[in-house]
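To start, the structure under review is shown below, and the notes come after it.
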Amino acid sequence: MLLPVKSRRPDASTVAGRSHQVLATWYIWAAIASDQITFKRLVPPARPAGGQELVADLDLQERARSGREQRPYVLLNMASTLDGRAALNGRSGAISGPADHAMFRGLRTVVDAVMAGAGTVRAERYGPLVRDPGDRRVRLERGLSEQPLACVVSASMSLGADIPLLADSGSRVVIITSSRDSLSGARAQLEYVRAARGSGSDLELDLGAAMSELQERLQIRTLLCEGGPHLNSELLARGLVDELFLSLAPKLAGDPAQGESLLRIIAGRSFEPPLELELISAAESESELFLRYAVKTRDRA
Ligand SMILES: NC(=O)c1ccc[n+]([C@@H]2O[C@H](COP(=O)([O-])OP(=O)(O)OC[C@H]3O[C@@H](n4cnc5c(N)ncnc54)[C@H](OP(=O)(O)O)[C@@H]3O)[C@@H](O)[C@H]2O)c1
């Protein structure tokens, strides 16, 4: 099956249309499928590796086991242009190249769950998380389920049942929400983590409680958050992120077009003083940088 990896978020809509797009998509898919993409490992220095080898060396299970928190070990994976843009025309697809697609896809093969905010799920029209049979096999070999648990964060519950992930009967999706409402019409196997604090107009989602429930009730030990920027800032503000994977694409995009707002990888909050991170590793492929940082802990908001 041809994977629509032209978008950073694989979705069902991107292969339709112009033939050069389809060719580019095919090229990327073929390169990823055969693990042809090579990453130069700069920090710490090591021999070059393919995407699967890189993610296999992340030691996530080990780190999750040594974590003291009553919640999953959380990785944030984001891509940005060199001048800080995290979305171009409302999508992330045009930001990064084949190596980022390989990393994006590889990370999905090493975690128990993948989470995204409803804004991202709507904009990118999320589909089933691991489509390639080879990737599903790799997950099984690692002792994981074939598919990671999909988690979607939404307060409004405004999620159309036609979003490919929700329309897929093979996907298990947890909606993390403060709402008592349920989605109707979805074919995916739906579950809810309802975690609210406050009441009336002050009712808000308790992300910390939701994370604890993911670990305790659903046995999620490692969780990959794929954004977007508003969800990222809420997680970071509550001390719920352990690592940031940042792909820096060798591109400059300048200001957004008229009517489009500027989105960086964090939005909706400022951190004063700024949060501090510590470099764990750096790799390079085709001039794109892959930076892995640990988020230093500090008092929560
Ligand atoms: N460059 C990248 O790597 C990257 C990655 C991901 C996304 N993106 C881009 O980012 C854009 C979408 O990002 P975004 O920041 O607008 O959306 P987002 O963070 O994905 O989602 C925001 C939505 O998630 C729900 N949500 C998040 N935190 C919540 C909380 N604490 N309590 C309750 N609900 C919460 C709400 O959903 P409801 O509205 O349903 O209540 C909120 O409107 C898209 O353009 C996408 O392409 C880029």
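The values are calculated or read from the model by the stated rules, or taken from the named source; none is laboratory data. These numbers were taken from a predicted model, which means no experiment stands behind them. When we count neighbours, we look across all protein chains shown, and the Cβ atoms used for this are built from the backbone with ideal geometry, even at glycine.
For this structure, a couple of remarks:
- Within the range 46-129, helices (runs of 4 or more DSSP H) holding 1 or more residues that are within 13 Å of the ligand (Cβ to nearest atom): 98-107, 118-124
- Filtered residues of the range 246-264 (kept if buried (at least 21 other Cβ atoms within 10 Å of the Cβ) and farther than 14 Å from Arg85 by Cα): none
- Evaluation of Leu140 against (1) surrounded by 14 or more Cβ atoms within 10 Å (Cβ to Cβ); (2) outside any loop (DSSP other than H, G, I, E, B) (one fails), failing number: (1)
- Test result for Gln70, closer than 26 Å to Ser212 by Cα and out of contact with any Leu (no Cβ under 8 Å at 6 or more places or on another chain): yes
- In summary, Leu165 fulfils each of the numbered conditions (1) more than 13 Å from the ligand (Cβ to nearest atom); (2) touching a residue at least 60 places away in the same chain (Cβ under 8 Å) with the single exception of condition (2).
- Residues in the range 65-83 that are modelled with pLDDT of 90 or more and more than 30 Å from Ala253 (Cα to Cα): Gln70, Arg71, Pro72, Tyr73.
Here is a yes/no grid of residues against (1) surrounded by 15 or more Cβ atoms within 10 Å (Cβ to Cβ); (2) farther than 27 Å from Val152 by Cα; (3) not β-branched (Val, Ile, Thr):
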site: Glu213; (1), (2), (3): yes, no, yes
site: Leu223; (1), (2), (3): yes, no, yes
site: Leu236; (1), (2), (3): yes, no, yes
site: Ile266; (1), (2), (3): yes, no, no
site: Ala283; (1), (2), (3): yes, yes, yes
site: Ser287; (1), (2), (3): no, yes, yes
